[in-house]
Amino acid sequence: MRISKPYLRSTSIQCYLCLLLNSHFLTEAGIHVFIFGCISAGLPKTEANWPYVLSDLKRLEVLIQSTHTDATLYTGSDIHPNCSVTAMRCFLLELHVICQESNDMDIRDTVQNLIILANSNLSSNGNITETGCKECEELEEKDVKEFLESFKRIVQFFYYSGRQ
């Protein structure tokens, strides 16, 4: 499974190519439009990828059910809205544990994709410092199933609150 880039799904380079190949657009301005269009196609969009995170999370739940995973992970159950970014970072750190402990390539690929997508969503919150929040190691250790349920709740919080 390759890492998906959902922000490229809605971009169409063919439109730019069609415009460039039209004879009246074969000017210097037309070439600039084509070049800027190609550059912008590769840049990540600002819209959140939370629906894709939720989709990969559902896939991960199915994959985990088919394998025996007895890991316990630091899990934030009752997360205060003022600590949501801190909690999300803890969940992402714990996802690395799942990735390292799993021998299943589908699980590893799905987890890596989840991490990439969620981190791209959190990039706009990179400078946020939340005070009074628990450190990851202070959270309760729970099994993988409970961890994924709590992770799903915080992703839904970000998705439905419109936070990026």
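Just the residues that are open to solvent by less than 60 Å² (accessible area, probe 1.4 Å) and not hydroxyl-bearing (Ser, Thr, Tyr), please, taken from region 54-71. It would help to see each step written out before you state the result.
Filtering region 54-71 for residues open to solvent by less than 60 Å² (accessible area, probe 1.4 Å) gives 54, 56-57, 60-61, 63-64, 67, 69, 71.
54, 56, 57, 60, 61, 63, 64, 71 - these are the residues of region 54-71 that are open to solvent by less than 60 Å² (accessible area, probe 1.4 Å) and not hydroxyl-bearing (Ser, Thr, Tyr).
Among the numbered criteria (1) hydroxyl-bearing (Ser, Thr, Tyr); (2) out of contact with any strand residue (DSSP E or B) (no Cβ under 8 Å at 6 or more places or on another chain); (3) closer than 22 Å to residue 65 by Cβ, which one does residue 150 miss?
(2)
Conditions tested, residue by residue: (1) free of Cβ contacts under 8 Å to residues at least 12 places away in the same chain; (2) among the β-branched types (Val, Ile, Thr); (3) in contact with a helix residue (DSSP H, G or I) (Cβ under 6 Å, 6 or more places away or on another chain).
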residue: 103; (1), (2), (3): yes, no, no
residue: 108; (1), (2), (3): yes, no, yes
residue: 112; (1), (2), (3): no, no, no
residue: 117; (1), (2), (3): no, no, yes
residue: 156; (1), (2), (3): no, no, no
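Within region 122-152, take every residue that is in contact (Cβ under 8 Å) with a residue 40 or more places away in the chain and under 17 Å from residue 58 (Cβ atoms) and give me the one that is most open to solvent (accessible area, probe 1.4 Å).
145
If you take the residues in region 72-86 that are open to solvent by 10 Å² or more (accessible area, probe 1.4 Å) and hydrophobic (A, V, I, L, M, F, W, C), which one is modelled with the lowest pLDDT?
As a first pass, look at region 72-86 and keep what is open to solvent by 10 Å² or more (accessible area, probe 1.4 Å): 72, 74, 77-83, 86.
Filter once more, so that each one left must be hydrophobic (A, V, I, L, M, F, W, C): 79, 83.
On the way: 79: 85, 83: 90.
Going through the qualifying residues, I end up with 79.
Tally up the residues in region 82-97 that are touching a Ser or Thr at 6+ places or on another chain (Cβ under 8 Å) and farther than 24 Å from residue 109 by Cα, please.
Total satisfying the criteria: 0.
Could you give me the residue pairs with C-beta distances under 8 Å whose first residue belongs to region 65-90 and is without any contact (Cβ under 8 Å) to a residue 60 or more places away in the chain and among the aliphatic types (A, V, I, L, M), whose second residue is part of a loop (DSSP other than H, G, I, E, B) and surrounded by 13 or more Cβ atoms within 10 Å (Cβ to Cβ) wherever it lies, and which are 6+ apart or on separate chains?
Partner pairs satisfying both residue conditions: 85/130.
Please go through region 87-121 and give me each residue that is of a type in the set (Gly, Ala, Ser), open to solvent by less than 40 Å² (accessible area, probe 1.4 Å) and part of a helix (DSSP H, G or I), ordered by number.
87, 118
The values are calculated or read from the model by the stated rules, or taken from the named source; none is laboratory data. This is a predicted model, so every value here is computed, not measured. Here Cβ is always computed from backbone atoms with ideal geometry, including for glycine, and neighbour counts include all displayed protein chains. Side chains are part of the model used for accessible areas, which takes the heavy atoms of the whole protein and leaves out ligands, DNA and RNA. Shrake-Rupley method; radii C 1.70, N 1.55, O 1.52, S 1.80 Å.
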